[in-house]
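In what follows, a structure is listed as structure tokens, so that the remarks can point back to it.
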Amino acid sequence: MEKYFQQIVAHTERGERVASAVVVSSRGSTPQDVGARMLFFADGTTWGTVGGGCVEADVRAEARRVLADGKGRAISVELVDDVRGEGDVCGGTLEVLLESWDGGGTRAVG
């Protein structure tokens, strides 16, 4: 956990906004457990993981919005194939909280 916060501080001290993603709930079979964390930086790099593959693609898309507008949000990632009604990869659901950390080391409220 210490490295997670060190990454946030290193980037925000340079005046950069950081988007953080934390798995806050999971149901069924999922690639990560509650508490898994990932950071997204303005230059496109990341730190950590919330599940890889389709999970991270969905979370990454929302993290780009957080980096752009500075507003936190919660999303639900369904791991079920909508077309066939079968398990996409795992078959479960993850709830992910995204937050914005603004330059200067503070978390944006919103």
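The values are calculated or read from the model by the stated rules, or taken from the named source; none is laboratory data. Values in this document were obtained by computation on a predicted structure and should not be read as measured data. Methodologically, a virtual Cβ is constructed for each residue, glycine included, from the backbone with ideal geometry; neighbour enumeration extends over all protein chains shown.
Inspection of the range 20-40 identifies no residue that is assigned to a helix (DSSP H, G or I), touching a strand residue (DSSP E or B) at 6+ places or on another chain (Cβ under 7 Å) and surrounded by 15 or more Cβ atoms within 10 Å (Cβ to Cβ). Based on this model, can you work out whether R60 counts as at pLDDT 90 or above and of a type outside the set (G, A, S)? Yes: the conditions hold for R60. The set of residues in the range 9-42 that are in contact with a Leu (Cβ under 7 Å, 6 or more places away or on another chain) and farther than 15 Å from V55 by Cβ comprises R17, V18, A19, S20, A42. Applying the selection to the range 41-73, what residues are part of a strand (DSSP E or B), free of Cβ contacts under 8 Å to residues at least 40 places away in the same chain and not aromatic (F, W, Y)? T46, R73 - these are the residues of the range 41-73 that are part of a strand (DSSP E or B), free of Cβ contacts under 8 Å to residues at least 40 places away in the same chain and not aromatic (F, W, Y).
For the range 63-97, the tally of residues that are hydrophobic (A, V, I, L, M, F, W, C), touching a strand residue (DSSP E or B) at 6+ places or on another chain (Cβ under 8 Å) and modelled with pLDDT of 75 or more stands at 10.
For the range 41-69, the set of residues classified as at positive phi and either of a type in the set (D, E, K, R) or crowded, with 20+ Cβ neighbours inside 10 Å (or both) consists of G51 only. The set of residues from the range 1-19 being in contact (Cβ under 8 Å) with a residue 60 or more places away in the chain, surrounded by fewer than 16 Cβ atoms within 10 Å (Cβ to Cβ) and of a type in the set (A, V, I, L, M) comprises just one member, V9.
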